[in-house]
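What follows draws every value from the coordinates through simple rules; no lab data is involved. Computed from a predicted model, the values in this text were never measured in an experiment. Using ideal geometry, Cβ is built from the backbone for each residue, glycine included, and neighbour counts are taken over all protein chains shown.
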Amino acid sequence: MSPAQMRRLNEESEFDDSGILNERILLLVFEWIKWDLQVLCLFSSVNHKLRAIAKRILWRKLCVYRAPRMVTALANAAPNGRIGGGWDSLAKLMFFCCGCESTRHFKVSRPNPGHFTQSSRFSKTSGRSFLAKKCRGDLLFISDPCEHPMGVEEDHLGIYRGVFRGFTRSNMRACMIRRQVAFDERVRCPYCGTRVWSMTAARLVPKSAAKRLGSGDRQVEYFVCVNGHLHGACWLVPLSSDEEICDNDDDSEDLDGDDEIGGDACSHQTVTTGSTSSLGEDIIGGEPID
């Protein structure tokens, strides 16, 4: 072994023994900063070793800290506690609104970029409204729609996301396979990058979904990927003050067993696609900078 190789080996050994790679120390640090999302994103983008630690341990801990009841429900149905698409994809789904572009069945006047959300409420009660009658035995968590103003004479755009529990054994997946529904080749899951089915094309969007979203009788579209991640968009009908009060009173009854995710770390920050950092296109679990 050459002297240069020996020096490099010694340097790597010293780095391996440092506190930054000590998992117990890392857990204490992130617990102290209350699992700050953006710090964890930056941490996982430093190099491949730190990214591996984040992917193996830290993203799961963040999910448990921010949404304990939802994570418990998802993990109990997962083989060996493994979440479809990985914990980094689930963390991204919790904290990141994926934005919206025009699709085959849903047109917008201009693309809306993705961004971190200030807070999100994921509801299994709302999730039932998105399931066709033959799929009502599935458990689906759905976020409240993230409101995006479009223009002076246009309604606001609502963008929402969700996740199935145990999707590989769900009635929804079985229904798609039984009907031999083809994947939508134009769209990929914004959270794990896998192929998606269009529920609109498959005619599996129940009317109750539009009612739950506050979209009136207008069309609602959403996609579900092979890992059970859901994302979609709708047009939000403006409400009067009286309607808003009634709607809030009704939703307050559905909070039992749901999780509201939020915190100072999740700012409403627009993200530019193609950035080299983990705050770019692949917001969580992105390729390291080095």
TRP87 passes all but one of the listed conditions (1) surrounded by fewer than 24 Cβ atoms within 10 Å (Cβ to Cβ); (2) under 28 Å from ILE57 (Cα atoms); the exception is number (1)
The condition from (1) under 23 Å from ARG195 (Cα atoms); (2) in contact with a helix residue (DSSP H, G or I) (Cβ under 6 Å, 6 or more places away or on another chain); (3) in a helix (DSSP H, G or I); (4) not aromatic (Phe, Trp, Tyr) that ASP138 misses is numbered (3)
Going through segment 32-65 in order, the residues found to be free of Cβ contacts under 8 Å to residues at least 40 places away in the same chain and among the basic types (Lys, Arg) are LYS49, ARG56, ARG60, LYS61
Residue in segment 166-176 that is among the aliphatic types (A, V, I, L, M), surrounded by fewer than 16 Cβ atoms within 10 Å (Cβ to Cβ) and not in a loop (DSSP other than H, G, I, E, B) present = yes
By my count, helices (runs of 4 or more DSSP H) wholly in segment 31-127 with at least 3 residues that are within 18 Å of the chain's Cα centre (by Cα), closer than 23 Å to GLY232 by Cα and of a type in the set (A, V, I, L, M) are 68-76, 87-95
Checked segment 199-219 for anything outside any loop (DSSP other than H, G, I, E, B) and under 19 Å from SER143 (Cβ atoms); matches are SER208, ALA209, ALA210, LYS211, ARG212, LEU213
inquiry  = Among the residues of segment 135-143, are any within 17 Å of ALA91 (Cα to Cα) and free of Cβ contacts under 8 Å to residues at least 40 places away in the same chain?
reply    = yes
